[in-house]
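**Q** Let me give you the structure first, and then I'll get to my questions.
The values are calculated or read from the model by the stated rules, or taken from the named source; none is laboratory data. Remember, predicted model here, so these are calculated numbers, not experimental data. Just so you know, the surface numbers come from the protein's heavy atoms only, side chains and all, with ligands and any DNA or RNA stripped out. Shrake-Rupley method; radii C 1.70, N 1.55, O 1.52, S 1.80 Å.
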Amino acid sequence: MTQQTRYVIAVLPGDGIGQEVIAEAEKVLRAVAERFGWHVELRHGLVGAAAIDQTGRPLPDETLALCQSADAILLGAVGDPRYDDPRSRIRPEQALLALRKTFELFANLRPVWVHPALASASPLRPEIVQGTDCIVIRELTGGIYFGEPRVESDQRAVDTMIYHRNEVERIARIAFQAAQRRKRKVTSVDKANVLACSRLWRRVVDQVARDYPDVVLQHMLVDAAAMHLMRHPRDFDVILTENMFGDILSDEASVLAGSMGMLPSASLGEGRLGLFEPVHGSAPDIAGKGIANPLAAILSVAMLCRYSLRREREAKAIENAVGRVLEAGYRTADIAVPGQPVVTTQQMGDLVVGALSAQGSGT
Ligand code: NAD
């Protein structure tokens with residue numbers, strides 16, 4: 001008897017709709033494992049406000065230990081209006097920073113894919129967004145957000161932006177490797193006409209590019225990139241950028257997809273362990289109503305298969321299943337046009353599981 005491959009996934013649903021969308025993502029993960037013949041063990045942990053309520057801490061030690069023993073982390077969302085005051089000493093969002101820091105997750109990947117059937121869900125014209133398929137790869141642990149902020153007086157404040165060669169090199173490699181699996185183009189975004197950090201960034205990216213001769217490299221200034229993204233989003237494949245520019249550009253790019261409920265993400269480090277989560281938050285305005293779109297969480301499972309389990313076929317099978325459900329006309333409320341019938345969170349999860357099981361083997 002051959003031994004079945006077995007993976008342990010730390011599942012941290014968190015708060016609000018995090019719990020609802022992760023329940024559907026779990027169904028899809030179990031279904032894909034069953035279909036492709038491997039075993040997955042889902043171990044649940046507390047995170048965010050749910051963890052503060054029960055343990056007093058947003059990321060309890062037990063949750064951290066659970067993540068340490070796992071092949072990947074699947075997270076829903078953290079955040080609760082009760083803790084929204086940024087001056088609060090304990091906040092749910094601290095869990096995310098602690099996870100990134102503990103596991104040195106320095107690369108944030110946010111794909112933006114506009115399914116043809118959803119081109120009209122974007123606030124931009126359908127002919128502009130149609131065919132968009134890009135990924136923003138953002139450096140997550142360096143740059144100005146990790147400098148030395150100083151408020152020197154009520155007249156003067158200072159922030160510092162620092163980048164080291166190795167920080168640029170490792171994120172650039174992730175971008176070039178991602179491009180090799182996609183359309184083989186990297187657009188590196190910086191502000192090299194002004195910032196010293198950007199000039200270092202550009203030099204290092206040029207050097208790394210020599211190891212990937214099959215990938216086309218283009219440099220673009222961040223102001224031009226912000227404009228180009230709204231005018232010609234199809235021109236982009238992999239967008240590689242530093243922390244602050246990535247923060248801004250990834251939110252800008254998310255508009256193309258029409259709803260936060262469609263956007264998955266991955267945070268990766270040097271090893272295989274990654275953190276996978278929908279881009280959206282806990283959405284207290286719709287929590288508990290069963291109407292949240294679970295596709296961002298489900299597409300995060302596809303990323304988990306691709307980047308942590310290194311199972312590309314499974315990742316594609318999930319993405320294809322989502323595509324088929326959308327092509328068949330099923331919509332949650334956030335992506336429906338007025339008058340179109342809508343399905344619930346749970347129904348959408350079931351539809352994706354159904355589409356996954358219906359696909360022929362080897363998809
Ligand atoms: P949000 O992403 O939770 O919601 C923004 C809007 O998008 C809301 O109108 C919401 O109903 C809608 N929306 C989001 N996800 C959806 C989905 N799957 N389906 C349908 N509609 C969806 O952002 P917010 O309201 O600014 O923040 C709410 C809480 O979430 C805050 O406490 C915030 O700190 C937290 N937050 C957490 C994360 C995270 O866990 N990574 C990210 C962003 C915000």
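**Q** Provide the solvent-accessible area of TRP113, counting protein heavy atoms only and rolling a 1.4 Å probe, rounded to the nearest 10 Å².
**A** Approximately 90 Å² of TRP113 is accessible to the 1.4 Å probe.
**Q** Report the accessible area of LYS289, computed with a 1.4 Å probe over the heavy atoms of all protein chains in place, in Å² rounded to the nearest 10.
**A** It works out to around 130 Å².
**Q** Using a Gaussian network model of the chain with C-alpha springs under 10 Å, which one of PHE276, PHE146, PHE176 is most mobile by mean-square fluctuation?
**A** Judging by the Gaussian network model, the answer is PHE146.
**Q** Moving to a separate point now. Take the alpha carbon gyration tensor of region 269-363, find the square roots of its eigenvalues, order them as a ≥ b ≥ c, and report rounded if a/c is under 1.5; if not, report prolate when a/b exceeds b/c, else oblate.
**A** On the way: a/c = 2.81, a/b = 1.31, b/c = 2.14.
Oblate, because a/c is 1.5 or more while a/b does not exceed b/c.
**Q** Relative contact order of the chain: what whole-number percent is it, with Cα pairs under 8 angstrom and at least 6 residues apart?
**A** Details: 769 pairs, mean separation 78.9, N = 363.
That works out to 22 percent.
**Q** Give me the three principal axis extents of the chain from the C-alpha atoms, as integers in angstrom, largest value leading.
**A** 54, 53, 47 Å, listed from the longest principal axis down.
**Q** Apply the membrane-span-like helix rule to the chain: whole DSSP H runs, Cα extent along the own long axis of at least 24 Å, mean Kyte-Doolittle hydropathy at least 0.0. List the helices found. Numbers along the way, then the final one.
**A** Numbers: long enough: 17-36 (29 Å, 0.23).
Both cut-offs are met by 17-36.
**Q** Ignoring ligands, DNA and RNA, what percent of the accessible area of region 123-257 is carbon or sulfur (1.4 Å)?
**A** On the way: 3460 of 6600 Å².
So the carbon and sulfur contribution to the accessible surface is 52 percent.
**Q** Using a 1.4 Å probe and ignoring any ligands, DNA or RNA, find the accessible area of MET260 and quote it in Å² to the nearest 10.
**A** 90 Å²
**Q** Report the convex hull volume per residue for region 123-257, counting only C-alpha atoms, in Å³. Before the final figure, lay out the partial values.
**A** Values: hull volume 15.4 nm³, N = 135.
Roughly 114 Å³ of hull volume per residue.
**Q** May I ask you to give the solvent-accessible area per residue for the chain, in square angstrom, as obtained with a 1.4 angstrom probe? Before the final figure, lay out each step's value.
**A** Working: 16160 Å² over 363 residues.
Per-residue accessible area for the chain comes out at 45 Å².
**Q** Whenever you get a sec, line up GLU252, GLU270, GLU148 from highest to lowest accessible area (probe 1.4 Å, protein heavy atoms). Mind showing how you got there, number by number?
**A** Numbers: GLU252 40, GLU270 140, GLU148 110 Å².
Accessible-area ranking of GLU252, GLU270, GLU148, largest first: GLU270, GLU148, GLU252.
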